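Asks: Take a look at the following structure, please.
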Amino acid sequence: MHDLVIRGATVVDGLGHDPVKADVAVDKGRIAAIGDIKGEARETVDAQGLTLMPGIIDIHTHYDAQVTWDRTLSPSPSLGVTTAVIGNCGFGIVPSPPKLRDLIMRNLAVVEGMDLDALRQGIDWQFQSFAEYQDMVRRRGPYMNLAVLVGHSAVRTAVMGEESGTRKEPTAAELAEMKRLVREAMDLGAIGLGASYSPNHSGWGGIPMPSTISDISEFEALVEAMGGPGRGVVEIASGTVPVETIAGIAGRHGRRIFMTTGLSFYNEQFPERGLGMFEAAAAAQKRGQEVYLQFTCQPLSFDFTLAAAYPFYSHPAFDPIKAYDRDQLKAVFRDQSWREQFRDNLRNPKPGTIFQGNWDRVIVAAPAKAEHGGLANRSIAEIVSGGNRDPLDAFLDLGLEENLDTGFIGRFLNAVDAGVEPLVKHQAGVIALSDAGAHLVYLCDAGFGLYFLGHWVRERGAFDIVEGVRRLTSHQAGLYGIPDRGKIAVGAHADLMLFDPTTVAVSPARRVNDLPGGGPRTLRDPVGVHGVFVNGVRVHDGKDYATHAKGPGVLLDKFLPAGPTALQAAAN
């Protein structure tokens, strides 16, 4: 008797083969048979009219803190994700010397838009070292499989303490200790290294996140410390660092490096820039330098208020005020000299900044006062058109009139499908950047896979279902060296999503207050999903989470070499 049989589904295996109608049997967490399966099972699922695919692999999440209080890792499992990589951009929470824990939380609250009170109340510090963190994850039993990146900023903070975000050069002893911590994490089963050089990544009080102020040679030293060629992957929020610089590091150390940067997104103001980055990465790959661009398949819409105007944080005018409370911010926003400083930033934007003065892309989504209802769904540029009022003044004055509670949406990047399609289809890219677990107050992009299947596969036809599923599953598994996942094949782990391809999508955003201490977050719900299974165990039925005292997910700590052999293994 099998543990589980899913009967009559159209099976899309994630490997690029044609769909087949078949039963799929699962025993002890792995796929035991595919075909016409006779006999009974402990659990049977009728999948007639539905499609079965491997679970989505999300390689860019920030669940490092949330896993300590929420084993479901909501909302990703509900949205079809069965394996996630945490520790991206180098902003993990280990190593975590007790005296530095509040600094770690304060920085996360700003750089990843997390509720500080929720972090302080929610994180259960049962760990200090990387090994202890891994043990905690194993004990908790998450609802997804997790792989952990060791973080550049995390180890810099642990070694250099309060000076990690202000002192560029470590001592020789400090650099040696950082390298030791990276090497130790790799020996323990880290999937790789995360880092950031993004100008948008600042922590508490506007102080840069530690890795962003370091010389690129420090990053390369940590890449070398990971071990020999092919040992682990590297993810870097690269900011304005050129593809060629990252490619050189990849080539020198035999490492596969994944770049994340807003410069690669489609931007109407610079329509050729994104494609140029993809072409540069493709050229590097031809030279044997394995560089890929992590790319979001969704429009980047930033939901914000002036109480936390994070899309503007990369502008120097915001550096000293990012951690200000509401009253302090109101005083600053009224100050004409500060307004002129911000105006000057917009006239001379730094490369890599998200907002560059395009006020037609800043929309009033939710006026806080009834008398301003007529402004809803209008852009700031539209509101000031035909008059002499400066849009920046109109924007700030509206926010001040409404106690900084006006809801705005910034539609800055990836807003035009025709411009995005060549990028989302480019072979030098990999679908990622959900940022799940972060920016909870403002947005929820955790449903990127359902959006991809609904929008890019069904609605636009940019991919057929076979290639669309592959780009969400075995593609990631192969590139990251994750064995036996991202595919439906006998012997593979039974990470599966059952869905209706005619309706699959992700819902509009909704707000809840369910973080530790009642903090707010934004959620989106699955549409057309009928079941999500992790290691053969149902974790979500499309409507609700299953109840498990310990989730079926595992900590992943053994990986294939992150080179061509990984891609070959995934296809076998």
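Asks: For the stretch 167-261, list the strands (runs of 3 or more DSSP E) that sit wholly inside it and hold at least 3 residues that are hydrophobic (A, V, I, L, M, F, W, C) and under 26 Å from residue 106 (Cα atoms); which are they? Lay out the reasoning, then the answer.
Replies: Working: elements: 192-196, 233-237, 256-260.
Passing ranges, in order: 233-237.
Asks: Related question: Kindly indicate whether any position in the stretch 31-49 is under 20 Å from residue 528 (Cα atoms), modelled with pLDDT of 95 or more and of a type in the set (A, V, I, L, M).
Replies: Filtering the stretch 31-49 for residues under 20 Å from residue 528 (Cα atoms) gives 44-49.
Remaining after also requiring modelled with pLDDT of 95 or more: 44-49.
From the residues that got through so far, the ones that are of a type in the set (A, V, I, L, M) too are 45, 47.
Within the stretch 31-49, one or more residues are under 20 Å from residue 528 (Cα atoms), modelled with pLDDT of 95 or more and of a type in the set (A, V, I, L, M).
Asks: Same structure again: Out of everything in the stretch 542-560 that is surrounded by fewer than 16 Cβ atoms within 10 Å (Cβ to Cβ) and either at pLDDT below 95 or not hydroxyl-bearing (Ser, Thr, Tyr) (or both), what residue ends up being farthest from residue 124 (Cα to Cα)?
Replies: 543
Asks: In the stretch 383-397, which residue that is in contact with a Leu (Cβ under 9 Å, 6 or more places away or on another chain) and more than 12 Å from residue 363 (Cα to Cα) is surrounded by the most Cβ atoms within 10 Å (Cβ to Cβ)?
Replies: Here the answer is 396.
Asks: Give, as residue ranges, the strands (runs of 3 or more DSSP E) completely inside the stretch 450-526 that count at least 2 residues that are among the aliphatic types (A, V, I, L, M).
Replies: Once the strands (runs of 3 or more DSSP E) in the stretch 450-526 are filtered for at least 2 residues that are among the aliphatic types (A, V, I, L, M), what remains is 496-499.
Asks: Can you work out which of the residues in the stretch 447-467 that are crowded, with 24+ Cβ neighbours inside 10 Å and not aromatic (Phe, Trp, Tyr) is nearest to residue 430 (Cα to Cα)?
Replies: Across the stretch 447-467, the extreme among qualifying residues is 449.
Asks: Count, please, the residues in the stretch 291-331 that happen to be assigned to a helix (DSSP H, G or I) and within 19 Å of residue 353 (Cβ to Cβ).
Replies: Counting residues in the stretch 291-331 that are assigned to a helix (DSSP H, G or I) and within 19 Å of residue 353 (Cβ to Cβ) gives 11.
Asks: Take the residues in the stretch 254-294 that are in contact (Cβ under 8 Å) with a residue 24 or more places away in the chain and among the charged types (D, E, K, R), then tell me which one is nearest to residue 425 (Cα to Cα).
Replies: Only one residue tops the list, namely 279.
Asks: Could you check the stretch 505-530 and list, in sequence order, the residues that are buried (at least 18 other Cβ atoms within 10 Å of the Cβ), touching an Asp or Glu at 6+ places or on another chain (Cβ under 6 Å) and farther than 15 Å from residue 72 by Cα?
Replies: Passing the criteria: 519, 528.
Asks: Take the conditions without any contact (Cβ under 8 Å) to a residue 24 or more places away in the chain, surrounded by fewer than 17 Cβ atoms within 10 Å (Cβ to Cβ), small (Gly, Ala, Ser) and closer than 16 Å to residue 399 by Cα and apply them to residue 376. Does it pass?
Replies: Considered against the rule, which asks whether it is without any contact (Cβ under 8 Å) to a residue 24 or more places away in the chain, surrounded by fewer than 17 Cβ atoms within 10 Å (Cβ to Cβ), small (Gly, Ala, Ser) and closer than 16 Å to residue 399 by Cα, residue 376 comes out as yes.
Asks: Sticking with this one: Out of all the residues in the stretch 120-142, which are under 18 Å from residue 519 (Cβ atoms) and either surrounded by fewer than 20 Cβ atoms within 10 Å (Cβ to Cβ) or touching a residue at least 60 places away in the same chain (Cβ under 8 Å) (or both)? If you could, list the steps in order and put the result at the bottom.
Replies: Filtering the stretch 120-142 down to residues under 18 Å from residue 519 (Cβ atoms) leaves 120-124.
Within the stretch 120-142, 120, 121, 122, 124 meet the criteria.
Yes or no, residue by residue, for (1) in a strand (DSSP E or B); (2) in contact with a Leu (Cβ under 9 Å, 6 or more places away or on another chain); (3) farther than 30 Å from residue 501 by Cβ:
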{"site": "21", "(1), (2), (3)": "yes, no, no"}
{"site": "34", "(1), (2), (3)": "yes, no, no"}
{"site": "53", "(1), (2), (3)": "yes, yes, no"}
{"site": "64", "(1), (2), (3)": "no, yes, yes"}
{"site": "84", "(1), (2), (3)": "yes, yes, no"}
{"site": "93", "(1), (2), (3)": "no, yes, yes"}
{"site": "100", "(1), (2), (3)": "no, no, yes"}
{"site": "105", "(1), (2), (3)": "no, yes, yes"}
{"site": "109", "(1), (2), (3)": "no, yes, yes"}
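The values are calculated or read from the model by the stated rules, or taken from the named source; none is laboratory data. Bear in mind that the values here come from a model prediction, so they are computed numbers and not experimental data. When we count neighbours, we look across all protein chains shown, and the Cβ atoms used for this are built from the backbone with ideal geometry, even at glycine.
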